[in-house]
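Structure first, commentary second.
The values are calculated or read from the model by the stated rules, or taken from the named source; none is laboratory data. Since this is a predicted model, take the numbers as computed values, not measurements. SASA here: full protein model, heavy atoms, side chains in, ligands and nucleic acids out. Shrake-Rupley method; radii C 1.70, N 1.55, O 1.52, S 1.80 Å.
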Amino acid sequence: MKLTSQDLTPAFYAAALDGRYTVDKGFVRQNENRQIYVTLFWRTVMISVSGDGALPPSWLSSRISACNFTAYVSSNLLMIMVLLPFWTSLLVRTTAWIAILQSQGVINDLLVLVGVTTDDARFSLIYNMTGTIIAMTHILLPFMILPLYSVMKTIPPSYMRAARSLGATPTMAFLKIYMPQTIPGVGAGGLLVFILAIGYYITPALVGGQDGSLISNMIAYHMQKSLNWSLAAALGGILLAGVLLLYWAYDRVIGIDNMKLG
């Protein structure tokens, strides 16, 4: 009664960090079997940075378009394939992954057909972390590819040839000459993907199950089902503070002025 009668109380923030706030002892950790929110926060951050692997397709599309007419057509075809998911509803794309990843789905059937696994030992690709990562990567990858492509398109191929002519190996030329010039696109795409992924809850709710759910799913649960709005607000406040902290770190390491979307 003494805690709940106060206008401002850290009790819900303590609960959001897997703890309890008492009048006598202050902040106390919960039992291990009741600690779920910190794990969900870390899982959300890790999955939010897992969709930033767009460098190879972006580089391929930006390079082949500079060769000839056939390569130009191939580059446009690759970009159409990147943009194709935007023409389909998010809910439809997520539901399609349920049919593809389930134990009797397309991927498992192909793996059984080529002999990678047997019919009795099919892989568990859905309702876990694997399903969440696959579905969210498919949805968020275009948001990483497009900023990267727009930056890579402006890098002249002669820079790499000049580095090779001066004795650099292909790997050294790529790391020392090409990669530093893609930092604006990497920063813009990474920040865009992270901001979008940090609040996703529809896709993890459909394909993630219990092991693949994120902190946004728990916030939605407390808002819609348990009606514990105070705890949901505390979880959302901590998530916002974490995003602002990461944004500050991004600005210090890369610099917000170096971000480039096109």
Check which residues have an amide H placed less than 5 Å from G19's amide H, if you skip close sequence neighbours.
Q30
Multiply the residue separation of V243 and M172 by 0.36 nm, subtract the distance between their alpha-carbon atoms, and state the gained length in nm to one decimal.
22.1 nm
Regarding segment 84-242, what are the three Cα extents along the principal axes, ordered largest first, in Å?
64, 49, 28
As a test of reading the structure, rank L146, L125 by solvent-accessible area (1.4 Å probe, protein chains only), most first.
L146, L125
Scalar couplings 3J(HN,Hα) for segment 121-138 by Karplus 6.51 cos²θ - 1.76 cosθ + 1.60 (θ = phi - 60°), nearest whole Hz, x for Gly and Pro, are 10, 5, 6, 8, 10, 9, 6, 7, 5, 4, x, 5, 5, 5, 5, 6, 5, 4
Rounded to the nearest 10 Å², the 1.4 Å probe accessible area of F194 is 20 Å²
Geometric extent, Cα atoms of segment 103-143 - Rg, Dmax (angstrom)
12.1, 38
Around F27, which amide H atoms from residues at least 5 apart in sequence, or from another chain, sit under 5 Å from its own amide H, with H modelled in the peptide plane?
T22
HN-Hα couplings for segment 162-167 via Karplus (6.51, -1.76, 1.60; θ = phi - 60°), in whole Hz with x for Gly/Pro, come out as 5, 5, 5, 5, 8, x
For segment 176-190, what does the Karplus curve 6.51 cos²θ - 1.76 cosθ + 1.60, with θ = phi - 60°, yield as ³J(HN,Hα) per residue in whole Hz, taken in order and with x for Gly and Pro?
8, 9, 7, 4, x, 6, 8, 4, x, x, 4, x, 5, x, x
Accessible area of D120, 1.4 Å probe, to the nearest 10 Å²?
150 Å²
With every protein chain left in place, what is the accessible area of M46 in Å² (1.4 Å probe, nearest 10)?
120 Å²
